[in-house]
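Working notes for the structure below.
The numbers here are math on the coordinates, done by the rules we state, and not lab data. What you see is a predicted model; the values in this text were computed from it and never measured. Quick reminder, even Gly has a Cβ in these numbers, built from the backbone with ideal geometry, and neighbours come from all protein chains shown.
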């Protein structure tokens, strides 16, 4: 076996060992980081943000104005995405449906949605979200009426996007916590309607 | 429908499982991610520089004609290895030597005794010990 053939498991293990040996990382700290991103930071945060926006018009206005300060009001956006300048929230309406993508790599609003699903990072999604969003959405089970305009937002170094989905019909009497449970990750990416 | 009052790990809205696929398909992927973020948070790795290399490796794969199965985390690993080499954080020869040594280990090397706890850190510590052998 040559070095080049060594699997990513071996190479990653070697990288960690070398970085630990140099004192650049501690394995326990890596454990904690992974656990934080896998367990603590996830789409539940975004769902909570959406539910707050549905029930609190002043918060909704602040969220649409500038996402990051608004999500900090709810205690999110702490350390995560510290390297990202802006979170822009795009609101779905009766006539506009928003979809987020990162055509170049995999940028994603970690602070509110956690880590992206595998399909979000796939070449097919990244290319087709821009080229033929309507058809892609239809294949994902979301048939949009022709009169609804589809807007696609491509993430960049400076900006991460999140979709504010429309409040489902018949959810008028629910409180924030109950509404939070209705919001899915996919609806905040824009590949699903609630 | 029953709605959770406490949105904890076991609740109906528990992330990220509730929403479908897990972010990582194999342990090395989450390890790689954790290592990258540890260096970013520690200030040894600039996120934007890393992101630029990730974009380049993804574009490179697409330019190769997509002859192999898409593997996002392999592209991340390439970008990470580049970043470490260019920043002088990992010596390529030392890396090659260690990879060779790790590849020669007998099967079952990381399960010397019967236990069930998560011993990722412990394994890394053992691996680190092998560097100077």
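With 18 Å as the cut-off, how large is the P(r) tail for region A:121-185, expressed as percent of Cα-Cα pairs? Distances greater than 18 Å cover 54 percent of the Cα pairs. Per residue, the convex hull spanned by the alpha carbons of region A:44-189 comes to 108 Å³.
Among A:156, A:95, A:187, the order by Cβ neighbours within 10 angstrom, fewest to most, reads A:95, A:156, A:187.
Counting other Cβ atoms within 10 Å as a rough exposure proxy, the listed residues A:97, B:57 run B:57, A:97 from fewest neighbours to most.
Between the C-alpha center of region A:135-194 and that of region B:22-52 there is a gap of 28 Å. Please list, in order, the residues from region B:34-67 whose amide nitrogen is less than 14 Å from a point placed 7 Å along the Cα→Cβ vector of residue A:154. Within reach of a label on residue A:154: B:59. Would you mind checking the tilt of helix A:8-21 against the longest principal axis of the Cα atoms of chain A, expressed as 0 to 90 degrees and rounded to 10? Value to nearest ten degrees: 70. Spin-label pair residue A:39-residue A:103: with each label point 7 Å from Cα along the Cα-Cβ axis, the two points sit 4.0 nm from one another. Expressed per residue, the C-alpha convex hull volume of region B:19-104 stands at 139 Å³.
Each of residue B:63 and residue A:122 was given a label point 7 Å from its Cα along the Cα-to-Cβ line. The distance between the two points is 2.5 nm.
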